[in-house]
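*Asks:* Pasting in a structure now, in structure tokens, and then I'll have a few things to ask.
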Amino acid sequence: MGGVLPNLRSVQLVAPYLGEEEIASVADVLRSGQLAQGPVVASLEREFAELLGVKHAVAVNSGTAAVHCALNAIDIGEDDEVLTTPFTFAASASPILMQRGLVGFVDIDEQTFNVDLERYAAAAGPAVKAVVAVDLFGLPYDHSGAGGLRSRGIAVIEDACQAIGASRDGSAAGVRCDAAAFSFYATKNVITGEGGMLVTGDDAIAASARRFRQHGQGERYEYLELGYNYRLTDVLAAIGRAQLKRLNVLTQSRRANAAFYDEALCDLPGVTVPFVPDGAVHAYHQYTILIDAAATPNHRNRDEVRSALEQAGIATGIYYPKPLHLHPLFGGPERSGEFPVAERVAKQVLSLPIHPALSEADRTYVASVLKTVVGL
Ligand SMILES: Cc1ncc(COP(=O)(O)O)c(C=O)c1O
């Protein structure tokens, strides 16, 4: 390693941001005796819809469930194809399989790590009924191509699980689509531990999701169609309500940390900082850099950089180490080479600590250790 490392600190990759308000709200629910889905879930739904300026918000118990509700509501079924990105978490694509649909992947754009909808439009054959556009790492997808897909009868479902608080061209993530899914998983920007939300402007999609999360019931104990138990609890919704009030502060902290890293790292040879297109407000669920070993002064690859950071007490993440098409569920190693950009990027990505509890000293330490590690 070129140079001596600064003093050893310990910098976590994630740190849940919870305070007295979350604790007091949960205590209130426990005292009420109404723990399952009830009035607190209804309040969270109302507040979430208001925050985004959408007509409907339907709370569910995970982001995965929200994606599943959306695909079911637009009637994805056997042999319907749904296009999405291979460079995402499994739950952007696995609900397509839950509906017995076919997953079609389209390679990603190397700057944004996402797919632009023009490419989806070019790839869409007659079996394609929908696309799942993922706001990867908290950067909203470019919705300017959505109209072209919709005019062909192709629905746009937005996987905004990582993008609460983000916007693009003045529209909040989750708004410019037929339906969008958010996650409140314990590492997300707004958390309930487990939890999710479907948002939509479409009355029929919202009504379908409300049935689907509750065993397909219309009236109570009247089973109209297949459904699941995807309900959120009032206990968790209480945490979510307190978290939503912190959204601006939490997002601003992430953005300030990102701005610091951008400035500190943008000139590091072999390191590419996140690209943010004009008009986009990134929520920085992850701050993900690319390491190009050939261009770093000491030719260290991503895994070597990662383990050197780990030795210096800095936790990092790899999202995602292997694109979906290379996993047995979606194909396997024999599909190697099909999506070259996703395959290359998966070998180069490294996510740095960006959470709101990161101190100025922490981020300064991360940047300075990274410089030393790449050989500057
Ligand atoms: C892009 C993406 N889609 C879907 C999900 C699924 O959300 P959950 O873990 O709440 O089911 C996640 C989060 O884990 C995600 O990051």
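*Asks:* In the stretch 340-361, which residue that is in contact with a strand residue (DSSP E or B) (Cβ under 6 Å, 6 or more places away or on another chain) and in a loop (DSSP other than H, G, I, E, B) is surrounded by the most Cβ atoms within 10 Å (Cβ to Cβ)?
*Replies:* Ile354
*Asks:* Tell me which of these Pro16 doesn't satisfy, since it passes every other one: (1) in contact with a Leu (Cβ under 9 Å, 6 or more places away or on another chain); (2) closer than 29 Å to Arg254 by Cα; (3) within 15 Å of the ligand (Cβ to nearest atom); (4) not basic (Lys, Arg).
*Replies:* Answer for Pro16: the failing condition is (1).
*Asks:* Among the residues in the stretch 59-67, are any touching a helix residue (DSSP H, G or I) at 6+ places or on another chain (Cβ under 7 Å), in a helix (DSSP H, G or I) and farther than 26 Å from Ile239 by Cα?
*Replies:* no
*Asks:* While we're here: Which condition number does Leu83 fail, the rest of (1) closer than 18 Å to Pro140 by Cα; (2) surrounded by fewer than 23 Cβ atoms within 10 Å (Cβ to Cβ); (3) more than 12 Å from the ligand (Cβ to nearest atom) being met?
*Replies:* Single failed check for Leu83: (2).
*Asks:* A follow-up question, please. Check the stretch 91-114 and report whether any residue there is within 15 Å of the ligand (Cβ to nearest atom), under 23 Å from Thr288 (Cβ atoms), free of Cβ contacts under 8 Å to residues at least 60 places away in the same chain and crowded, with 24+ Cβ neighbours inside 10 Å.
*Replies:* No, there is no match, as no residue in the stretch 91-114 is within 15 Å of the ligand (Cβ to nearest atom), under 23 Å from Thr288 (Cβ atoms), free of Cβ contacts under 8 Å to residues at least 60 places away in the same chain and crowded, with 24+ Cβ neighbours inside 10 Å.
*Asks:* So, one more: Which condition does Ala66 not pass, out of (1) more than 16 Å from the ligand (Cβ to nearest atom); (2) crowded, with 19+ Cβ neighbours inside 10 Å; (3) under 15 Å from Ile157 (Cβ atoms); (4) of a type outside the set (Ser, Thr, Tyr), if it passes all the others?
*Replies:* Against the list (1) more than 16 Å from the ligand (Cβ to nearest atom); (2) crowded, with 19+ Cβ neighbours inside 10 Å; (3) under 15 Å from Ile157 (Cβ atoms); (4) of a type outside the set (Ser, Thr, Tyr), Ala66 comes up short only on (1).
*Asks:* Taking the stated definitions as given, is Glu81 at pLDDT below 95 and either on the phi > 0 side of the Ramachandran plot or not assigned by TED's automatic domain parsing to the domain that holds Gly331 (or both)?
*Replies:* Against the criterion (at pLDDT below 95 and either on the phi > 0 side of the Ramachandran plot or not assigned by TED's automatic domain parsing to the domain that holds Gly331 (or both)), Glu81 does not qualify.
The values are calculated or read from the model by the stated rules, or taken from the named source; none is laboratory data. As the structure is a computational prediction, the values presented were derived from the model and not from experiment. In this analysis, Cβ positions are derived from the backbone assuming ideal geometry, glycine residues included, and neighbour counts consider all displayed protein chains.
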